[in-house]
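Report on the structure given below.
Bear in mind that the values in this text are calculations on the coordinates, not laboratory data. Keep in mind it's a predicted model, so treat the numbers as computed, not measured. Ideal geometry is used to build each Cβ from the backbone, glycine not excepted, and the neighbour counts take in all protein chains shown.
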């Protein structure tokens, strides 16, 4: 039995749509499940069929405005979607097919529905109304909708290409991957391949041709430029459909956006490469430091015996060159995260202000320096000298990037980074204090961005840069537990952001420190453990000339044997890595089991060896980095012995 039609509204809709053709109206109502709406654009009135009123639980009905209608029967979150679909239909002729939730006024519940609409035009072709059909989603439609949502979440889509008429079909997911609104145009193979990089096209064509020739599945990965001209990486997987004779009819498959996967893989490879380079740099620096130690020690001893002023000037120049070589190895070790860090609670604002007192003098008058230092910037725990070097390197790079002048800005700011915050590469959630250094210079090209943190890479002219500056900054930030992020655009400028972990003591409270009493220890006995004969000889000569008594051993095992026989030593001076069973930290532990108050000074080419080979070092133990200047050695020895003397005297 046919459903009874409400004469007023259904007849109104019927007359508008069929010009009196009752048969046409019956067929239309039957196909639509009686759920039809008619929206008069001129009067802004919506008319509803009986079927529609049954869906929404509306007993009495009179024409209402569109806004009233939407507010009454539509889920609030779906209203913008409906308005956008209407605008696209009227202004751009786009397909109107909207999945929404319709409200039942009797039960106050929402039901998934699909609405399709068309334009009604007058004799002159002008739009006068919209007519729509509303249907509850069938199980198949729900499945399709679920599949489309899954496509969007997984950044995947499907495609098919018919060989006979060259018809290409894209699912909504493929449109989105290419940066287009779904179903806004009919795609073609020419359009799809125009988005590929030209150098990738021969590989794509050969892969598809081979699949068609042999009826095989295929897969390829290419780069595309999306609608915003941004580079994306996609993986295309497909298969060939053949007819009864084995001739190919079509092919199709899936397109997946793998941009994030490619970037993660790139980051992993970059990290592995940097780690390998760091290991190599660290090993080379360690051996180089031993050589520099011998050269520096001999030069300093030679300087003491020379009387001729010209000869002394030459030796001093040689010492300066040796120390510059030591700075070079320290930069290499900093990149390798093996540089010595004297960690203290620091105020970054204070460091910046002090640094700018002398760094600003290196800037030409054409560069304007701006500072924006947060008054409540938190403290961090790191090495002051390394922070100063990082700031200096970044400022010099900024200066060199602005040969014609520009603006250079230094900023500090507190950051609370939460999971999901937009940083690339991602930053571990937590509290950080940031130093940002920005310039309005030439910017860095994309090809150079991949290499700027590699040691010895530089874009400067020969003789104007070692290529270690940014490598050192990068290594230091990793070593200190922080992060380094960089943003650059050609012709616009560059910003480097140093993110330092916040110290437990976020703010500094000033105290008055009294100077330590100095106790002279000339004549003290020192047990020296050093496996390099040249270095052992030089260290011994320096100490003996300063009035100390020195006994030299060439391994930790031998030093223990000597100490067991004779405990009357005031200090252990030892290399960290030596042949034999006992390394430096283990040796100090063994000797302190016999004489707990024994002070120790450790020397090595690796600052990290102390933690690699044992954790027996005390906070008061002193660690020196090769090459060691005589003044630094004597000061360390004096300080270690003096601290023990103060402790014994109860001061």
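Projected label points at residue 205 and residue 311, each 7 Å from Cα along the beta carbon direction, are separated by 7.9 nanometres. An ellipsoid equivalent to the stretch 146-257, defined through the eigenvalues of its Cα gyration tensor, has semi-axes of 23, 16, 13 Å when rounded to whole angstrom and sorted largest first. Ordering of 58-71, 622-635 by packing is 622-635, 58-71, highest average first (other Cβ atoms within 10 Å, averaged per residue). Taken along its principal axes, the alpha carbon cloud of the stretch 360-416 reaches lengths of 36, 22, 19 Å, longest axis first. Label positions at residue 154 and residue 42, each projected 7 Å from the Cα along the C-beta direction, are separated by 5.1 nm. With each label modelled as a point 7 angstrom along the Cα→C-beta vector, the residue 485-residue 368 pair spans 2.7 nm.
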